[in-house]
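Have a look at the structure below, then the notes.
The values are calculated or read from the model by the stated rules, or taken from the named source; none is laboratory data. The shown structure was predicted, so the numbers you read here are calculated from the model rather than taken from an experiment. Neighbour counts are summed over all protein chains in view; Cβ atoms, including those assigned to glycine, are modelled from backbone coordinates with ideal geometry. Ligands, DNA and RNA are excluded from the accessible area calculation, which covers all protein heavy atoms including side chains. Shrake-Rupley method; radii C 1.70, N 1.55, O 1.52, S 1.80 Å.
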Amino acid sequence: QVQLVESGGGLVQPGGSLRLSCAASRMFFSMYSMGWYRQAPGKQRELVATITNGGSTNYVDSVKDRFTISRDNAKNTVLLQMNSLKPEDTAVYYCHAEFSAKQYWGPGTQVTVSS
């Protein structure tokens, strides 16, 4: 069974930075498209950023120029560098993996942006 485990969440002040990490196991990691989603209280889960198995990236407009997604196929890891954080970035962040119509989710990590 594919396993995704997020880490790196926490409390940060507005304007601060966090780096989320997702460790994947029991999968051919390099074949998967990977992504980060988030869900704020009372809102639907939304796409934040994706990176294909070829390294192409995509971002939701609200995080462009602030967040960077990257992957390390040797370490089976996908990262989300988040800079210039805003209170509206507060959410549970989920790691997502997709290949050939199969999708997997991590349990999520809480990110809170508050002074």
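General remarks:
Residue-wise test of (1) in a strand (DSSP E or B); (2) under 19 Å from W105 (Cα atoms).
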position: G15; (1), (2): no, no
position: L20; (1), (2): yes, yes
position: A24; (1), (2): yes, yes
position: Q44; (1), (2): no, yes
position: L47; (1), (2): yes, yes
position: T68; (1), (2): yes, no
position: R71; (1), (2): yes, yes
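- Hits in the stretch 61-76 - residues which are open to solvent by 60 Å² or more (accessible area, probe 1.4 Å), over 21 Å from Q1 (Cα atoms) and either touching a residue at least 60 places away in the same chain (Cβ under 8 Å) or hydrophobic (A, V, I, L, M, F, W, C) (or both): none
- Extreme residue, nearest to the chain's Cα centre (by Cα), among residues of the stretch 26-42 that are assigned to a helix (DSSP H, G or I) and not small (G, A, S): F29
- Residues satisfying the criterion are absent from the stretch 50-60 (criterion: open to solvent by less than 60 Å² (accessible area, probe 1.4 Å), within 19 Å of G106 (Cβ to Cβ), in contact (Cβ under 8 Å) with a residue 60 or more places away in the chain and touching a Gly at 6+ places or on another chain (Cβ under 9 Å)).
- Restricting the stretch 31-45 to residues that are in contact with a His (Cβ under 8 Å, 6 or more places away or on another chain) and not aliphatic (A, V, I, L, M), the residue that is most open to solvent (accessible area, probe 1.4 Å) is Y37.
- Taking the listed residues L4, L20, L80, the one that is of a type outside the set (D, E) and touching a Cys at 6+ places or on another chain (Cβ under 7 Å) is L4, with no other qualifying.
Residue-wise test of (1) modelled with pLDDT of 95 or more; (2) farther than 19 Å from Q13 by Cα.
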residue: S56; (1), (2): yes, yes
residue: S62; (1), (2): yes, no
residue: F67; (1), (2): yes, no
residue: K86; (1), (2): yes, no
residue: T90; (1), (2): yes, no
residue: C95; (1), (2): yes, yes
residue: S100; (1), (2): no, yes
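- Test: residue in the stretch 92-107 that is assigned to a loop (DSSP other than H, G, I, E, B), surrounded by 14 or more Cβ atoms within 10 Å (Cβ to Cβ) and in contact with an Asp or Glu (Cβ under 6 Å, 6 or more places away or on another chain): yes
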